[in-house]
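Below: the structure, in structure tokens.
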Amino acid sequence: MFLVRHGEAAASWGEAPDPGLSELGRRQAQTVADELALQLPPDSHLLSSPLQRALETAAPLALHFGRDLDKRDAFREIPAPVPLPERPAWLRRFMQQRWSEQEENLQAWRRTALDQLLELDRPAAVFTHFLVINAVVGHVTGQAETLCFWPDNGSVTHLVHKGDSLELVSEGRQMQTVVN
């Protein structure tokens, strides 16, 4: 299965609650579609966060396969417990912490994403967000920190389903810019 970080958003996480993609983000989405179209069978699961930037990133691959996306809240970005303008500061604090320090609602958010990935019964592309990918990879690799790597926009992290667990095959390309 592949976890795809959405393409570059047209606005930052602290500026807009649900931005679409920038022009660069649309190019990244097409690049991801071209790459995954060569690796996934036509009957693969195509899942996405319901947020616009993830949906727009997934759209070229869904079009290639002529299929609709399965939108799942389990793959939406982390539920920040603060108003929109305070999100960047909250995010910086969160990314310096460990999972053991997190409130139950954030623990449940992580478990739900993991559980839904484990329920998949065939190859999949999951279009999602920076911290969802970190939550999954951190769990799979046994890291206690909330931040274990910096997946770039349009990067593809490869996991394999091992029955009742997941195994990391490769992390996606790491970012050189800020989280958006």
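The values are calculated or read from the model by the stated rules, or taken from the named source; none is laboratory data. These numbers come from a predicted model, not from an experiment. We place every Cβ from the backbone using ideal geometry, glycine too, and count neighbours over all the protein chains shown. Accessible surface is based on the protein model in full, side chains and every heavy atom, while ligands, DNA and RNA are left aside. Shrake-Rupley method; radii C 1.70, N 1.55, O 1.52, S 1.80 Å.
Quick notes
- Hey, Arg92 modelled with pLDDT of 95 or more and either in contact with a helix residue (DSSP H, G or I) (Cβ under 6 Å, 6 or more places away or on another chain) or of a type outside the set (A, V, I, L, M) (or both) or not: no
- Among residues of the range 120-139, those that are open to solvent by 10 Å² or more (accessible area, probe 1.4 Å) and closer than 26 Å to Pro42 by Cβ, counted: 4
- Checked against the criterion of being outside any loop (DSSP other than H, G, I, E, B) and of a type in the set (Ser, Thr, Tyr), the range 6-20 contains not a single residue that satisfies it.
- Taken together, Ala37, Ala54, Ala62, Ala33 contain a single residue that is open to solvent by less than 30 Å² (accessible area, probe 1.4 Å), under 13 Å from the mean Cα position of the chain (by Cα) and at pLDDT 95 or above, which is Ala54.
- Strands (runs of 3 or more DSSP E) enclosed by the range 96-171 - at least 2 residues per element that are free of Cβ contacts under 8 Å to residues at least 40 places away in the same chain: 166-170
- Failed condition for Thr146, given (1) among the polar types (S, T, N, Q); (2) in contact with an Asp or Glu (Cβ under 9 Å, 6 or more places away or on another chain); (3) open to solvent by 40 Å² or more (accessible area, probe 1.4 Å): (3)
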